Structure formats: C-alpha cells, structure tokens
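Any read-out appearing in this document is the output of simple, stated calculations on the displayed coordinates, not a laboratory observation. Note that the structure is a prediction, hence the values are computed from the model and not measured. Quick reminder, even Gly has a Cβ in these numbers, built from the backbone with ideal geometry, and neighbours come from all protein chains shown.
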Amino acid sequence: MEKNTRIAERNRGYFRAKNLLVLNVVSSPGSGKTTFIRETAVRLNGKLRVGVVVGDLATDNDAARLKTSGIPVIQITTGTVCHLDADMVAKAAEQLPLDQLDVLVIENVGNLVCPADYDLGENLRVVLLSTTEGEDKPLKYPPMFHSANVAIVTKSDLAGAAGFDRDQALGNLHRVSHHAQVFELSAKSGAGMDGWLNYLEKQLAGARA
C-alpha cells in the first residue's frame, strides 16, 4: 500500500504536468460504467478530448465498445486481481497520447470493495449507483461511497420499472457521501447529462488554473 501511494502521487504530478483532468470511475458490475463513459466522451466531442484506461478481469469487450466512439483506449486485463493499482495505470497511460487529451478516464474493475483502498493518482473518484441495483448500496459499501468526490445515479430512465425509491437512495447517498457532488442521469436517453458535462468542464478549468 505504501508503494501504491508513492506511485499514485507520482502519477498525480505527471498528470498535472500534462494538464489532464483524471477520473477514477468505480461501481458494481452492470451499473452502466462503459455506456456512461462512452456517452460522456461522445457528448464532449468538439469541446474536450477524452482518453480511457479500461480495467477488467478478463476480455476486452468494454474497450472494444469504447473504441467505437473514436477515442483512444487502452485495456488492462487484471486476471484474478479485483482492482486497478497506480502502477498498472502508470504503465497503461504511457501508451496513450496524453499530450492530445484533456480528460483521462480510468474505468476501474467492477467492484465496490477492493478499489476503495487504491489511489490511482486521479483528481476525482466517481462512483456510480444504478436505479436497478437497489437504494441501499451506499449503506452496504460505505468505504467506497464515502471516498467518492462524485456520486452518479445512473439508468434514471429505468427507475419506474425497477421500483426505485429515489428519496431513499438520495438520503442514503447524502448520509454516506455527504461531501460528494450528486448527479442523476441516463446515459442512454441523455437526460441529466448536460449537468454532468458542465461540471467536468468547470473541474478541468479549475485544475488548470
């Protein structure tokens, strides 16, 4: 862990020198991370340039889906490791054209436990909670949600069909992630995406300033 912390700080300094805004996107499997990242990149096209590091236990399916949007993507296959660490990210980032990017998105392994302990050198940790997985996820996985700078409720278009209790979910988020910026959106329909994209543009401007 000490080694990871040292490498994460080195990553952070390197990314800062490259004028990058770096996001560490975490969630449970099936929450919609890949679609969310792809739609973020597509909607920022012409405004901000996005590159992605994808972490998965096996397969490069998510990386292939992201490449269809025309953005640079590097895959990390972790095998049996349930999280990305700072060294993996450092080596993967070397393969991306960082000087040509504004935003680097790290799609972490689908897991709400292990990634909570690993700083990757990011500016923002973004945790996703989908309307299809229940309102009590923040209470079940408090370290992850408490460590997040941003909490995003995804798949808002499916809330009715899933019987999602919005008030309860937001109450749980504010209880555990009381310091986090919260967004509700549907990457598929586009509802709520503008607020998220405007937030990213402001965060990048602030980081560069």
Considering only C-alpha atoms, what is the centroid distance from the range 17-71 to the range 90-119, in Å?
9 Å
First select every other residue whose beta carbon is under 15 angstrom from the beta carbon of residue 57; then total the charges, Lys and Arg +1, Asp and Glu -1.
-4
Could you compute the net charge surrounding residue 159? Neighbours are other residues with a C-beta less than 11 Å from the C-beta of residue 159; K and R count +1, D and E count -1.
-2
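Grab the Cα-Cα distance for residue 19 and residue 209, subtract it from 0.36 nm times how many residues apart they are, and report the gain in nm with one decimal.
Value of the extension gain: 67.4 nm.
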At 222 nm, what value in deg cm²/dmol follows for the chain if DSSP H runs of at least 4 each add -39500 (n - 2.57) and the sum is divided by all its residues, to the nearest 500?
-11500 deg cm²/dmol
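Please quote Rg/Rh for the range 68-150 to two decimal places, taking the Kirkwood radius as Rh and restricting both calculations to Cα atoms.
Using only Cα positions, Rg/Rh for the range 68-150 is 0.98.
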Dipole magnitude of the range 1-152 about its Cα centre, charges +1 at Lys/Arg Cβ and -1 at Asp/Glu Cβ only, in debye to the nearest 20?
400 debye
If contacts are Cα pairs under 8 angstrom and at least 6 residues apart, what is the relative contact order of the chain in percent?
26 percent
For residue 31, net neighbour charge (Lys/Arg +1, Asp/Glu -1) across residues whose Cβ lies under 12 Å away
+1
What percent of all Cα-Cα pairs in the range 2-204 falls into each 5 Å bin, going from 0 up to the bin containing the maximum distance?
1, 8, 17, 21, 22, 17, 10, 4, 1, 0
Any idea how far apart residue 77 and residue 117 come out in nm if each label point goes 7 Å out from Cα toward Cβ?
2.6 nm
Work out the charge dipole of the range 2-204 with +1 on the Cβ of Lys and Arg and -1 on the Cβ of Asp and Glu about the Cα centre, then indicate which of 160, 50, 130 is farthest towards its positive end.
50
